[in-house]
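The values are calculated or read from the model by the stated rules, or taken from the named source; none is laboratory data. Computed from a prediction, not measured in an experiment: that's the story for all the values here. Positions of Cβ are backbone-derived with ideal geometry, glycine not excepted, and every protein chain shown enters the neighbour counts.
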Amino acid sequence: MMMQTQSPSHELHTLSVHALSQALHAKQVSAVEVASHFLARSRAHANLGAYVALNEEATLAQARAADARIAQGQAGALEGVPIAHKDIFVTKDFVTTAGSRMLQNYQSPFDATVVSKLGTGVPGGAPGAGMVTLGKLNCDEFAMGSANENSAIAPVGHVTPQPVRNPWDTTRVPGGSSGGSACAVAAWLAPAATGTDTGGSIRQPAAFCGITGIKPTYGRASRYGMVAFASSLDQAGPMARSAQDCALLLSAMCGPDLNRDSTSLDVPAEDYSRTLNDSIEGLRIGVPKEFFGEGLAADVRTAIDAALKEYEKLGAKLVPITLPRTALSIPVYYIIAPAEASSNLSRFDGVKFGHRAKDYTDLADMYKKTRAEGFGDEVKRRIMIGTYVLSHGYYDAYYLQAQKIRRMIADDFQNAFKDCDLIAGPVAPTTAWKIGAHKDPLADYLADIFTLPGSLAGLPGMSVPVGFGAGGMPVGMQLLGNYLQEARLLNAAHRFQQATDWHARTPEGF
Ligand code: GLN
C-alpha cells in the first residue's frame with residue numbers, strides 16, 4: 001500500500017463530535033471547512049444510499065452563521081459541528097419525505113424541536129447547540145421497518161429507490177428504520193446523526209453498523225415535528241461513534257417542550273457528560289434469561305458473553321433476572337404500533353398536503369387513489385392491521401388485550417429493576433442480513449424481539465458495539481435502564497468504551 005501524507009482536512013471526518021467541537025471553538029478549523037469536507041464525502045459515497053437530501057447552499061449558510069457566532073464569542077455547545085437528520089424530522093432548509101411517495105418533495109415551514117435544539121434553538125426560546133445540518137438521511141417509510149428496505153425515495157445520486165447499504169458489507173442491510181443514519185455515521189459521512197426509535201430503530205441499526213446510539217426515556221425528547229408513526233412509542237435520539245458523543249448530543253436534544261408535545265416530560269435537560277467517568281464498581285447488571293434463548297445466533301452470543309465478562313472486570317456484578325413476557329412483546333407491539341399508525345396516517349388524504357392522485361371521479365375516489373398511490377406495501381399492511389384491531393368487535397379482543405399486556409411488560413421491568421441497576425443483552429438475534437434476504441415481513445418483525453420490550457415500557461435503551469460476528473459484521477449490546485436513567489446508561493457505555501476499542505473500529509474503504 002502506498003503511504004500518503006494527508007493534510008489535516010483529509011482527516012476531519014475521523015474526528016469525534018467532541019474533538020470537532022474543540023477544534024471549532026479553538027478556531028483551528030472553520031465550520032465551513034468541516035461542512036464542505038463532509039458534503040464532499042457524502043457525494044463521493046452516494047453508492048451507499050445514505051442521504052436522500054442535500055442542500056449545499058443551506059448547509060454552507062448555516063456553517064457561515066456558526067463561524068460568525070464563534071468569531072463573536074457566542075458559540076453554542078456544539079457550534080459548527082455537522083449533523084445529519086433522519087428524514088422523519090421536518091426541516092425548513094431541506095425537503096422531508098419520511099421515506100414515502102406520499103411526502104415526496106414535501107417542504108415543511110418549520111423545524112422539528114429536536115432539529116432546532118441541535119441547531120440555532122427553538123424560535124423564541126434559548127439558543128441551541130449550534131450544529132450545522134448536512135442533509136437528510138434515508139429511512140424506512142414512516143419509520144416502519146427493520147432493514148431500511150421500505151423506503152420509496154431515491155437517494156442522492158440515484159434516480160430510483162435503492163436499499164441503503166451497510167458499510168461493513170455493502171451486500172447487507174444497515175438495519176432500520178434509521179438505516180441511513182447508521183450508515184452515514186459508520187462510513188464517516190457525518191460525525192453524528194439523529195434517529196428515531198419506536199420499536200428499536202435507533203438501537204438495531206446502530207448495532208448492525210457498529211456505532212453507538214441511545215433512545216432516551218419516552219417523553220424526554222420532544223416529538224414535535226417528528227412525522228408520527230406510533231405516538232405512544234416514538235422517541236428521538238442520537239447516533240454517533242461513542243457514548244461520549246451521544247452524551248453531548250443527547251444533552252442538547254432533550255428537555256421539556258410542553259406547549260408543543262403533550263407527552264413531553266417536564267424534566268429539565270441534563271448534562272450527561274458530567275457523569276461519564278463515574279466508577280461502575282458494584283453496578284448491578286441484570287441479565288435476562290429470555291434474551292439468551294434459542295433464537296440467539298451463536299456469533300452474537302459469543303460477543304455479548306465476552307462483553308459481560310469485560311463488565312465484570314470493570315467491577316460490575318452480573319445478576320440473573322427474568323423478563324417473562326419478552327416473547328409477547330412481538331404480538332403486542334405489532335397490534336399497538338399499527339393501531340396508532342392507522343390513526344396517524346389518516347391525515348394523508350390528498351387534501352391538506354403531500355401527494356394527490358391526478359385523476360379521480362369524486363372525493364372518495366380521490367382519497368382512495370391518493371392513498372393507494374402514495375403508500376408502500378408495508379405501510380398499507382400496517383394501516384389494514386391497525387384498522388382491523390381498532391374496529392368494533394375486535395377492539396376488545398386485540399387492542400385492549402395488547403394494552404393490558406403492555407402494562408404487564410412494563411411491570412416485569414419494574415420487578416427486575418428491584419434487583420439490578422441496568423439490564424444487558426443483545427440488541428438483535430443476529431447480525432445484519434443480506435439485502436433482500438427477508439422475503440416475509442414476519443421475519444423482520446421477529447428480529448425485533450429484544451428491542452420491543454423496552455420500547456413498550458418506554459424505557460431508555462442503547463446499543464454499544466461489542467465485537468464482530470460471522471463475516472466480520474458488527475455486534476451490538478443493548479443496555480436498558482429504568483426511567484430517566486440515561487446518565488447511568490451513558491456512563492456504563494463510556495466506561496466500557498474506555499476499556500475496549502470495538503466502537504473505534506471502522507469499515508475498510510472509507
Ligand atoms: N422494526 C420495527 C417496526 O418495523 C421498529 C421500527 C421503529 O423503531 N421505527 O415497526
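Once segment 431-453 is narrowed to residues that are of a type in the set (A, V, I, L, M) and more than 18 Å from ALA337 (Cβ to Cβ), the residue that is nearest to the ligand (Cβ to nearest atom) is ALA432.
This table checks each residue for (1) at pLDDT below 95; (2) more than 23 Å from LEU479 (Cα to Cα); (3) in contact with an Asp or Glu (Cβ under 9 Å, 6 or more places away or on another chain).
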position	(1), (2), (3)
ASN150	no, yes, yes
THR171	no, yes, no
GLY175	no, no, no
ALA190	no, yes, no
PHE208	no, no, no
GLY219	no, no, yes
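Test SER181 against the stated conditions and say whether it is within 12 Å of the ligand (Cβ to nearest atom) and at pLDDT 95 or above. Answer is yes for this residue. Summed over segment 121-152, residues that are away from the ligand (no atom under 16 Å from the Cβ) and part of a loop (DSSP other than H, G, I, E, B) total 11.
To keep it simple, each residue is scored yes or no on (1) surrounded by fewer than 24 Cβ atoms within 10 Å (Cβ to Cβ); (2) more than 30 Å from SER342 (Cα to Cα); (3) under 22 Å from the mean Cα position of the chain (by Cα).
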| site | (1), (2), (3) |
| --- | --- |
| GLY99 | no, no, yes |
| GLY121 | yes, yes, yes |
| ASP140 | no, no, yes |
| PRO161 | yes, no, yes |
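Regarding segment 246-264, can at least one residue be identified that is assigned to a loop (DSSP other than H, G, I, E, B) and within 18 Å of GLY476 (Cβ to Cβ)? No; the residues of segment 246-264 include none that is assigned to a loop (DSSP other than H, G, I, E, B) and within 18 Å of GLY476 (Cβ to Cβ).
Looking only at segment 12-65, count how many residues are in a helix (DSSP H, G or I) and closer than 22 Å to PRO161 by Cα. Residues flagged as in a helix (DSSP H, G or I) and closer than 22 Å to PRO161 by Cα within segment 12-65 amount to 10. Any residue in segment 167-178 that is within 16 Å of the ligand (Cβ to nearest atom), surrounded by fewer than 24 Cβ atoms within 10 Å (Cβ to Cβ), under 30 Å from TYR334 (Cα atoms) and not hydroxyl-bearing (Ser, Thr, Tyr)? No, every residue in segment 167-178 fails to be within 16 Å of the ligand (Cβ to nearest atom), surrounded by fewer than 24 Cβ atoms within 10 Å (Cβ to Cβ), under 30 Å from TYR334 (Cα atoms) and not hydroxyl-bearing (Ser, Thr, Tyr).
When SER16, SER36, SER30 are checked against the criterion of being among the polar types (S, T, N, Q) and touching a residue at least 60 places away in the same chain (Cβ under 8 Å), a single residue qualifies: SER16. In segment 325-335, is there at least one residue being modelled with pLDDT of 95 or more, of a type outside the set (Lys, Arg) and farther than 23 Å from LEU400 by Cβ? Within segment 325-335 (the criterion being modelled with pLDDT of 95 or more, of a type outside the set (Lys, Arg) and farther than 23 Å from LEU400 by Cβ), the answer is no, since none of the residues qualifies. Of the residues making up segment 202-221, those that are within 13 Å of the ligand (Cβ to nearest atom) and under 13 Å from the mean Cα position of the chain (by Cα) are ILE202, ARG203, GLN204, PRO205, ALA206, ALA207, PHE208, GLY213, LYS215. Listed conditions (1) surrounded by fewer than 20 Cβ atoms within 10 Å (Cβ to Cβ); (2) at pLDDT 95 or above; (3) of a type outside the set (Gly, Ala, Ser) are all met by VAL52, apart from (1).
Per-residue answers, yes or no, for (1) among the basic types (Lys, Arg); (2) modelled with pLDDT under 95; (3) within 12 Å of the ligand (Cβ to nearest atom):
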| position | (1), (2), (3) |
| --- | --- |
| GLY195 | no, no, yes |
| ARG223 | yes, no, no |
| SER232 | no, no, no |
| ALA240 | no, no, no |
| ALA243 | no, no, no |
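Residues that are in a loop (DSSP other than H, G, I, E, B), more than 16 Å from the ligand (Cβ to nearest atom) and surrounded by 17 or more Cβ atoms within 10 Å (Cβ to Cβ) within segment 416-430 comprise PHE417, CYS420, ASP421, listed in sequence order.
Got at least one residue in segment 184-195 being in a strand (DSSP E or B), crowded, with 24+ Cβ neighbours inside 10 Å and of a type outside the set (S, T, N, Q)? Yes, the conditions are met somewhere in segment 184-195.
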